[in-house]
Amino acid sequence: MRDISRRAVLVLAVGAVASACSGPDPRDGVDEGPLRTETEPLEKTFALLGPLSDAHWLGYDRVKNNDGRSVPGPSDIRLVGFARLADGKAAELTSVTERGFGPVPLGELPERLAAFAPKDAQWQHSDAFDDEMTGGTYSGRFLLSAATGTVCFDALNVP
């Protein structure tokens with residue numbers, strides 16, 4: 001009888017710890033925060049792109065309304081948006097044959113950014129360039145348009 005009560009206590013204790021450690025469910029949606037237009041944080045984070053202008057981006061915790069109930073995890077912080085590169089920079093970056101840039105559709109982004117997507121951008125993507133940009137330290141996807149001189153970035157857990 002004593003063994004049964006120990007097991008019952010252990011099961012209850014494990015259940016209590018598990019429920020205490022759970023945070024908000026990321027499937028509840030996100031709080032994207034304000035639309036940002038400053039370029040300095042992007043230039044520091046994505047230095048390989050050089051000087052940027054005309055930026056429209058979001059930086060947010062992907063866990064909705066994370067008001068301290070959950071510590072952001074390694075893949076919770078997202079930076080996503082558009083910025084204009086210096087004249088000729090997109091063409092310079094996409095012309096490096098070893099990077100293997102190829103045409104891709106823009107893909108799905110937060111609705112609030114849709115109005116800032118340049119028309120007729122002819123997006124180009126390269127896995128090698130993504131790796132170069134992230135240095136293997138975070139997850140990121142970077143689309144470049146030589147036609148509009150624009151980058152579309154979508155990165156998670158940027159240091």
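Just add up the charged neighbours of Ala155: K/R +1, D/E -1, any other residue whose Cβ is under 15 Å from the Cβ of Ala155. Intermediate values should be presented prior to the final figure.
Numbers: positive: Arg36, Lys44, Arg62, Arg78, Arg141; negative: Glu32, Glu43, Asp61, Asp76, Asp127, Asp130, Asp131, Glu132, Asp154.
Its environment carries a net charge of -4.
Taking packing as the residue-averaged number of other Cβ atoms within 10 angstrom, the listed peptides 98-108, 148-158 run from highest to lowest as 148-158, 98-108.
Read the figures in this text as sums done on the coordinates, not as results from a lab. This structure is a prediction, so every number in the text was calculated from the model and none was measured. With ideal geometry, Cβ positions are generated from the backbone for all residues, glycine too; neighbour counts draw on all protein chains shown.
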